[in-house]
Amino acid sequence: MTGLKKVALVGNPNAGKSALFNALTGARQKIANYPGVTVERKAGRVTSASGQPFELLDLPGSYSLSETTSPDEEVTRKVVLGELEGEGAPDIIVLVLDAANLQQHLVFAQEVIQLGKPTVVALNMVDLAKRDGLVLDADALSHALGVPVVETVAVRRRGLEGLLASISSFDSNDHTFDDERLSSHLTLPERRLAAKNIAKAAILSESGTHRLHTGLDRVLLHPWIGPVILFGLLFVVFQAVFAWADPFIGLIEQATEVVAGVAVANMPESFVRDFLTEGVIAGVGSVIVFLPQILILFLFILVMEATGYMARAAFLMDRLMAMVGLSGRSFIPLLSSFACAIPGIMATRSIADPRDRLTTILIAPLMTCSARLPVYAVIIAAVIPATSVGPGIGLQGLVLFALYIAGILGAMIVALVLRRTVTKGAASGFIMELPRYQMPHLGDLLIGLWQRAWVFLRRAGTIIFSVTVVLWLLLTFPKAEPGENQLDASFAGQVASVMEPAFKPIGFNREMSLALIPAMAAREVAVASLATTYAVDSDDEAETENALRDQIAARWSLPAALAFLAWFVFAPQCLSTIAVARRETNGWKWPSFMLAYLFALAYVFAGITYWSAVALGL
């Protein structure tokens, strides 16, 4: 296809370039890789109505030519500027814009048009814009941009003839590429402001729904009001976790007690009965009881995702993350880490900058995963009074909110330190598409909740059950001699006695120290460990039936309980998380570094919490 005029399709991702390329070229396509990189190169041949043939290139989606952040964007930049070896510069550029998201796409469009190359705008997806109530003036847009504008609907093959006619009208010999125009281009804030004004002039009318969505964005994405609304919403979420879950927790606790009572009443005193009541029911049952709180937390997360608010939260967080050297691209992986750090760390693959990616992997365990919620919930319920500190504001929910915020702030401070030391480098840019607002579908929410419930119950039935059984055996054997405490005599008690001196300075007793070991398998096991330990340690049959939080309230001091919470804010997550970090970083260097700094943070902040609480007389 050499000798033909070359036409390049450029635009933001999801503008419909590939659909337009397929509609124009049909089966006359060739697919290969660009030299030296794995980015796909799609080329095809198209003929205008007058019989003039062109070579058509479908370039990767890009948000900028001057500030590229991925191999795809780098290839687009080099091809457009004629800098890619073996690939000549295009004679004509077809700039594809999403008509329904015009303002966002005009930011990049200005940069392309500013090059001075022959350019025609394909105002694509005008049918979707009309569906959203937008009436656009293509002539006004053409006048503002200074290039021809053709309305198209690529998937329905509409507007293709007009687009080809516009391409044919160019005589590339009349245009010269101005290599210095990139250096004299407008700044990004200036292009955003210009894009806003151009889009405003091109939109003749819009529906009430579209105006409502625009108004919502104006408030929710406001640089000052938006973060206040976001943190207010998160505050409500953590209040609801305690306030709404109590009735359901009570039902599960009653069911657990009934099952334990049936076992005690119908089985003779034996090894098997102790195993069922002290091991399985006390251990696994103490974790399952937190299922309602986990489901309430995920209900809010699913609603935020389904309504389109989650992407806007990422946009808001981009500004905060830029202060510590990260971009908004890190927000989604970190947000996923609130569910579990494993998918969060895997989601960092979408981050192009290797330093950003490594930093995000290293701080992902500081996000409060759902496995920590049972630990927080049982300790808070045991030592923090269920009092109100204001209209609709409970003290327990406030403490839970503070623990989540502590994890976020800790992650941001660690990111700042890492970006200025071991992952030092320039910050990368961030641009993202904002989805349309929409009402969540009840069926989708129920499916999402069922999936989270199943994951939690499966962990309770596998990892937590297995570790609880092993711990119960270590607590049960060898048997105590008459007059001797079973915990003192057991293998687990002997291990705890070895650990206790190391953790005593930060207020941890023997049971608390022992709970840290199985918690490395899964965070929730710390709760099961404490429940099993206290069940085995009790000489009173009635006492073993008491809820775990009552046992903790009676045995732990407030400074020690607060120190235990501080430990779990910073302590490394489960072994599976470490294994995934090793896989994603291709070695043990960074997972070892992660373990070391997280253990150090956990010990130091638990100590500070304990010593401060003691000094304050709590």
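Here are a few things to note about the model shown:
- Sorting E111, E511, E67, E85 by accessible area puts them as E85, E67, E511, E111; the probe is 1.4 Å, largest comes first, and only protein heavy atoms count.
- Dimensionless Rg/Rh of region 230-342 - Kirkwood Rh, Rg from C-alpha atoms: 1.20
- For region 277-335, average projected area of the Cα convex hull in nm²: 5.7
- Carbon + sulfur, % of accessible area of the chain - ligands and nucleic acids excluded, 1.4 Å: 62
- Cβ-derived FRET efficiency at R0 60 Å, L221 paired with V498, nearest 0.05: 0.65
- Note on surface exposure: R329, R191, R211 rank R211, R329, R191 by accessible area, highest first, 1.4 Å probe.
- Value in Å of the Kirkwood radius, where the chain supplies the Cα pairs that are averaged: 27.9
- Calculated FRET efficiency for the pair L449/I405, C-beta based, R₀ 25 Å, to 0.05: 0.50
- Spacing of the two label points (7 Å from each Cα toward its C-beta) at D139 and A615, in nm: 7.5
- Prolate/oblate/rounded call for region 494-618, Cα gyration tensor, a/c under 1.5 rounded: oblate
- With R₀ fixed at 30 Å, the C-beta to C-beta distance from K130 to S169 puts the FRET efficiency at about 0.65.
- Between region 445-482 and region 217-233, the Cα center-to-center distance that results, in Å: 40
- Label zone at F271, where the point sits 7 Å out along the Cα-to-Cβ direction: region 473-516 residues whose backbone N lies under 18 Å: 473-481, 490-492
- Relative contact order (%) - criterion: Cα under 8 Å, at least six apart; region: the chain: 11
- Ranked by the mean number of other Cβ atoms within 10 Å of their residues, highest first, the peptides 581-587, 355-361, 380-386, 439-445 fall in the order 355-361, 380-386, 581-587, 439-445.
- Treating each Cα of region 383-462 as an identical point scatterer and summing with the Debye formula, the log10 of I(q)/I(0) at q = 0.17 Å⁻¹ comes to -1.09.
- With a 1.4 Å probe rolled over the protein heavy atoms of all chains, the accessible area of Y603, Y404 falls in the order Y603, Y404, largest first.
- Region 304-344 residues near the modelled H441 label - backbone nitrogen below 20 Å, point 7 Å along Cα→Cβ: 304-311
- Residue separation of A579 and V155 scaled by 0.36 nm, minus their Cα-Cα distance, works out to 148.2 nm of gained length.
- Around T423: net Lys/Arg minus Asp/Glu count, Cβ-Cβ under 11 Å: +3
- Theoretical gain in end-to-end length, T387 to A600 [0.36 nm per residue, Cα-Cα removed]: 73.3 nm
- Helix-only mean residue ellipticity at 222 nm for the chain, each DSSP H run of n ≥ 4 adding -39500 (n - 2.57), per residue, nearest 500: -17500 deg cm²/dmol
- Angle between the chain longest axis and helix 225-243 axis [Cα atoms, degrees, rounded to 10]: 30
- Rolling a 1.4 angstrom probe over the protein heavy atoms with all chains in place gives the chain an accessible area of 44 Å² per residue.
The values are calculated or read from the model by the stated rules, or taken from the named source; none is laboratory data. Treat the numbers as computed from the prediction; the structure is a model and nothing was measured. FYI the Cβ positions are ideal-geometry reconstructions off the backbone, even for glycines, and counts take in every protein chain you see. Only protein heavy atoms, including side chains, enter the accessible area calculation; ligands, DNA and RNA are left aside. Shrake-Rupley method; radii C 1.70, N 1.55, O 1.52, S 1.80 Å.
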